[in-house]
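A.B. asks: A single structure is presented below for examination.
Here, each number is a calculation from the coordinates, and none is a lab measurement. Just so we're clear, the structure is a prediction, and the values are computed from it rather than from any experiment.
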């Protein structure tokens, strides 16, 4: 099976232990190379250091709160191998993304909910959600260490791949993203990176992301104003995934394809 290297920035040891470290691929000795990055000031620096040290060509960068189903490794490698056979060299691949027309696509789980829009996978996308992205070390792709914090690195990497003539894709190898619900407004670090990306990619705008459309300073200022108003009035939105179909989490972790499992009991 195609060997892979998992790279994860760790900021909370309990989350890391309860999520990624509990995945079968990590627990099985020799199933993958795991590089846990602690103490880095930005995600880009942490990932670039890991790229330099990785022994495998296929690099998977993911969050500490991701849980990989038992059959994920086999499904992931099969999806990547078939995609490369059909399309040749690709840029960045992941579980969820958005097309240049603003259509979200992919396959993933948020806790007990399934995100799987009715679009055949793999599907070409403009940018990807950064909870899990992968690319080949041999592609020469690197993360931009000028990004101020831990946000936006997947969008930036996808745009860099596109600039090099490589296409980005969502594949059908779902994982669980056990992220906490966000309370209040987006952190200031998010807007620092949003601002940086607007400047860096100004000649390529507008750019679709799952957080909103990058469309220069106007979109940046509007987004920031809206978030500020939400904070002042105490607006606390329901998590975006609450309306998604429920799944049988135990079965999904064992590799059950939960498409359409809207009425599954948990």
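A.B. asks: Using a Gaussian network model of the chain whose springs link C-alpha atoms within less than 10 Å, name the residue from 220, 153, 204 with the highest mean-square fluctuation.
C.D. replies: 204
A.B. asks: From the P(r) of the stretch 1-143, can you give the percent of Cα pairs sitting at distances over 24 Å?
C.D. replies: Details: 3019 of 10153 pairs.
In whole percent, the share of Cα-Cα pairs in the stretch 1-143 beyond 24 Å is 30.
A.B. asks: Also, I was wondering about something else. How large is log10 I(q)/I(0) at q = 0.20, 0.23, 0.30 Å⁻¹ when the Debye formula is applied to the Cα atoms of the stretch 71-114, each weighted equally and without solvent?
C.D. replies: Results for the stretch 71-114 at q = 0.20, 0.23, 0.30 Å⁻¹ read -0.83, -0.99, -1.12.
A.B. asks: Counting C-alpha atoms alone, how compact is the stretch 123-219: give Rg to one decimal and Dmax as a whole number, in angstrom.
C.D. replies: So, for the stretch 123-219, Rg and Dmax equal 13.8, 41 Å respectively.
A.B. asks: Quick one: of the DSSP bridges fully inside the chain, what percent are antiparallel, nearest 5?
C.D. replies: Values: 24 of 38 bridges.
The antiparallel fraction comes to roughly 65 percent.
A.B. asks: Most fluctuating residue of 173, 93, 54 in a GNM of the chain with Cα springs under 10 Å: which is it?
C.D. replies: 54
A.B. asks: Among (1) 48, 19, 17; (2) 41, 20, 15; (3) 26, 23, 19, only one was calculated for this model; which label is it, if the read-out is semi-axes √(5λ) of the Cα gyration tensor in Å?
C.D. replies: (3)
A.B. asks: When N is the residue count of the stretch 5-89, what does its C-alpha Rg come to as a fraction of 2.2 N^0.38 Å? List each step's numbers first, then the result.
C.D. replies: On the way: Rg = 13.5 Å, N = 85, 2.2 N^0.38 = 11.9 Å.
Rg over 2.2 N^0.38 Å, computed on Cα atoms: 1.14.
A.B. asks: In a GNM of the chain with a 10 Å cut-off on Cα contacts, which of 252, 236, 124 has the highest mean-square fluctuation?
C.D. replies: Ranking 252, 236, 124 by mean-square fluctuation puts 236 first.
A.B. asks: From the helices alone, meaning DSSP H stretches of at least four residues, give me the mean residue ellipticity at 222 nm for the chain, per-run term -39500 (n - 2.57), in deg cm²/dmol to the nearest 500. Write out the running numbers ahead of the final one.
C.D. replies: Working: 8 runs with 84 residues, N = 266.
Here the helix-only value at 222 nm equals -9500 deg cm²/dmol.
A.B. asks: Of the DSSP beta bridges with both residues in the stretch 1-120, give the percent that are antiparallel, rounding to the nearest 5. Can you show the working numbers first?
C.D. replies: Numbers: 6 of 16 bridges.
Approximately 40 percent, going by the DSSP bridge assignments.
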